[in-house]
Amino acid sequence: MSESVGVIGAGYLGTTHAACLAELGFDVLVAETDAARVAALRAGRLPFFEPGLAALLERHTASGQLRFTTSVQELADHADVHFICVGTPQRRNGLAADTTQVRTVVESLVPRLSRTTFLIGKSTVPVGTAAELSELSRALAPPGVLVEVAWNPEFMREGHAIVDTLAPDRLVFGVASTEAEKVLRHVYASVLARDVPVVVTDLTTSELVKVGANAFLATKISFANAMAELCEATGGDVLTLTEAIGHDVRIGHRFLTPGLGFGGGCLPKDIRALMARAGELGVSEVLTFLRQVDSINMRQRRKIVEMAVEECRGDVLGRRIAVLGASFKPETDDVRDSPALSVAAQLHLHGALVSVYDPRSNTNAARLYPALHYADSVASAVTGAHLVLHLTEWAEFSRLDPVELLALVDEPRIIDGRNALDPRRWRDAGWSYRAPGRPHLNGA
Ligand SMILES: NC(=O)C1=CN([C@@H]2O[C@H](COP(=O)(O)OP(=O)(O)OC[C@H]3O[C@@H](n4cnc5c(N)ncnc54)[C@H](O)[C@@H]3O)[C@@H](O)[C@H]2O)C=CC1
Ligand SMILES: O=C(O)[C@H]1O[C@H](OP(=O)(O)OP(=O)(O)OC[C@H]2O[C@@H](n3ccc(=O)[nH]c3=O)[C@H](O)[C@@H]2O)[C@H](O)[C@@H](O)[C@@H]1O
């Protein structure tokens, strides 16, 4: 078996996976259709922010162990094991996942293969996709060339991508043969040597494991947000509630923080894709259940907008609102389906004068929402503000000194959309503090 591997797609997943495979000692060639991206990566420049990844990329591109190409033929010739890491975004005209990119990979790569090859999917796909791709591969393979499809779903989080790849909670191998399992065990040998659990299963179950995991994470967050709603209706404190229930090890504290809800390039589109697939399969319970999870989540964005309107005495028209945070979560510059930007854009549409500051994602945000104003520091964003919204919990924001900011704003009002600031510090400094599911604190 060759020590060369191929990776297809140089997005968040593909670039991370490729750099980590190089770190594990493999000779990695990445095929990517976007020529500008390939040029940047060849020069050791990461087209997005991910902690630690730039250094890994620089090291392995410099050594020649990690290379990038736009040529599918070069990829086909490079290795007999290829990881499919292309996108599966939500379709423009529906909730389902658009699997065009994964199909295109098979259509372009398989006819160019000249030896037995393993195509290992990592992209998140609707259940049944791997089986379809297996059939397609068999149909397109040149005479005498065997192509086997396996699925190895990925569970990494942006912002923690390297550690999640090199030291994952578990590995899942969806395989149709012992040969495919052997290939995966070989690739991940040094990861498995660290006692990482591995679940070996069939293609179908491996696809379902991935969407099941994301659906469960989304459900946990929406549950916390539903409890926040109940706390608001009764005067309870949702953070005390989640702390208390999370002590039960069966529940746990993680992914139970209420606030603005989940966004990003994965959880929202993955639960919608699962709803759509469940609907196609006639499993209406999953569809109904996840619809509620999604609806609670989207409600959180509207709720923060409503809170902002209330704080501005019923009308945000002409009010200066500072938005701290634009990425969908901290430690990434990814603004795909960002709850923070969605709130900022809604307030802008209501006539507010919105000034956004994010430590990493102002440029990406400006591409998506050019009409918003982007500030180059917290101080500049909040100067003259009638209201401050804390919408992405970067560490930089929890270190802010509310006393210092008091001198800059027009009105000391803050909504902590992420329940991540210390309410008493802000209240004691003279601010009005509001957060979903928590008592409203009025400063001195
Ligand atoms: N972003 C993440 O943290 C994770 C993503 N996933 C899944 O991984 C998949 C990829 O996600 P991202 O990396 O975020 O997407 P992305 O959109 O950032 O990257 C996809 C890349 O594939 C390239 N591409 C498209 N078609 C191609 C082709 N035929 N040949 C070569 N390159 C091609 C695109 O130009 C793009 O650079 C999705 O299915 C996602 O759900 C799974 C776990 C984590
Ligand atoms: O399939 C994927 O692509 C990935 O999707 C998520 O990872 P990611 O999108 O990077 O981000 P998360 O850390 O899951 O956060 C998602 C959203 O949930 C929000 N969140 C998270 C936790 C919480 O308690 N409350 C909450 O609102 C975050 O602010 C963020 O907007 C999963 O956590 C990964 O396991 C998975 O591999």
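Using a 1.4 angstrom probe on the protein heavy atoms only, could you order 324, 24 from most to least accessible area? Let's see the in-between values first.
Details: 324 0, 24 40 Å².
Order by accessible area, largest first: 24, 324.
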Quiz item: Among bridges DSSP assigns within region 300-441, what percent are antiparallel (round to 5)?
Solution: 5 percent
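So for region 4-201, averaging the separation of alpha carbon pairs under 8 Å that are six or more residues apart and normalising by length, what relative contact order in percent results?
Normalised by residue count, the contact order of region 4-201 is 18 percent.
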Quiz item: Along each of its three principal axes, how wide is the spread of alpha-carbon positions in region 4-201, in whole angstrom units, largest first?
Solution: 41, 39, 38
Quiz item: Among 319, 399, 291, whose mean-square fluctuation peaks in a Gaussian network model of the chain (Cα, cutoff 10 Å)?
Solution: 399
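Counting DSSP beta bridges with both partners in the chain, what percentage is antiparallel, nearest 5?
On the way: 3 of 45 bridges.
Counting DSSP beta bridges with both partners in the chain, the antiparallel share is about 5 percent.
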Quiz item: Hey, how many Å between the Cα centroid of region 388-433 and the Cα centroid of region 68-144?
Solution: 48 Å
Exercise. Round to a whole angstrom and tell me the spacing of the C-alpha centers of region 165-226 and region 293-333.
Key: 35 Å
Quiz item: Which Cα, out of 407, 323, 382, lies furthest along the positive dipole direction of region 300-441 (beta carbon charges, K/R +1, D/E -1)?
Solution: 323
Quiz item: Relative contact order (percent) for the chain, with alpha-carbon contacts under 8 angstrom and 6 or more residues of separation?
Solution: 12 percent
Exercise. Please work out how much accessible surface residue 102 shows to a 1.4 Å probe, ignoring ligands, DNA and RNA, in Å² rounded to 10.
Key: 0 Å²
Quiz prompt | Helix 178-187 vs. the chain, principal-axis angle (Cα, 0 to 90°, nearest 10) | solution = 60 degrees
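Where nothing but the Cβ of Lys and Arg (+1) and of Asp and Glu (-1) is charged, how large is the charge dipole of the chain around its Cα centre, in debye to the nearest 20? Working shown, then result.
Values: 44 positive and 52 negative charges, 103 e Å.
Roughly 500 debye for the chain.
If I take every Cα pair under 8 Å that is 6 or more residues apart in region 210-294, average their sequence separation and divide by the length, what percent do I get for the relative contact order? Present the calculation step by step, with values, prior to reporting the outcome.
Details: 80 pairs, mean separation 29.6, N = 85.
Averaging sequence separation for qualifying contacts and normalising by length gives 35 percent for region 210-294.
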Quiz item: Which Rg and Dmax, in Å, describe the Cα atoms of region 329-431?
Solution: 13.1, 38
Quiz item: Going by alpha carbons, how many degrees (0 to 90, nearest 10) lie between the helix axis of 12-23 and the longest principal axis of the chain?
Solution: 60 degrees
Quiz item: To the nearest 10 degrees, how steep is helix 100-109 against the longest Cα principal axis of the chain, on a 0 to 90 scale?
Solution: 30 degrees
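Per residue and in cubic angstrom, what volume does the convex hull of the Cα atoms of the chain have? Intermediate values should be presented prior to the final figure.
On the way: hull volume 66.5 nm³, N = 444.
Cα convex hull per residue, to the nearest whole number: 150 Å³.
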Quiz item: So how much accessible area does residue 377 have, in Å² to the nearest 10, using a 1.4 Å probe?
Solution: 40 Å²
Quiz item: Farthest toward the dipole's positive end in the chain, which of 370, 61, 227, given Cβ charges of +1 (Lys, Arg) and -1 (Asp, Glu) about the Cα centre?
Solution: 370
Quiz item: Taking one equal scatterer on every alpha-carbon of region 5-118, how large is log10 of I(q)/I(0) by Debye at q = 0.10, 0.14, 0.16 1/Å?
Solution: -0.29, -0.55, -0.71
Quiz item: Of 359, 140, 7, which is farthest on the positive side of the dipole of the chain, counting Cα position, with +1 on Lys and Arg Cβ, -1 on Asp and Glu Cβ, and the Cα centre as origin?
Solution: 359
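Give the ranking of 386, 160 by solvent-accessible surface, highest area first, calculated with a 1.4 Å probe. Display every interim value, and only then the final one.
Working: 386 15, 160 80 Å².
Solvent-accessible surface, decreasing: 160, 386.
Before rounding to the nearest 500, sum -39500 (n - 2.57) across all DSSP H runs of length at least 4 in the chain and divide by the residue total; then give [θ] at 222 nm in deg cm²/dmol.
Details: 19 runs with 202 residues, N = 444.
It comes out at -13500 deg cm²/dmol, rounded to the nearest 500.
Of the trypsin sites (Lys or Arg not before Pro) in region 1-92, which ones lie in a loop per DSSP and count no more than 16 other C-beta atoms within 10 Å? Provide the component values of the computation, followed by the final result.
Working: sites: 37, 42, 45, 59, 67, 91, 92; in loops: 45, 91, 92.
For trypsin sites (Lys or Arg not before Pro) across region 1-92 that sit outside H, G, I, E and B with at most 16 neighbouring Cβ atoms in 10 Å, the list reads 45, 91, 92.
The values are calculated or read from the model by the stated rules, or taken from the named source; none is laboratory data. These figures come from a predicted structure and were not determined experimentally. Using ideal geometry, Cβ is built from the backbone for each residue, glycine included, and neighbour counts are taken over all protein chains shown. Surface accessibility is based on the protein's heavy atoms, side chains included, excluding ligands, DNA and RNA. Shrake-Rupley method; radii C 1.70, N 1.55, O 1.52, S 1.80 Å.
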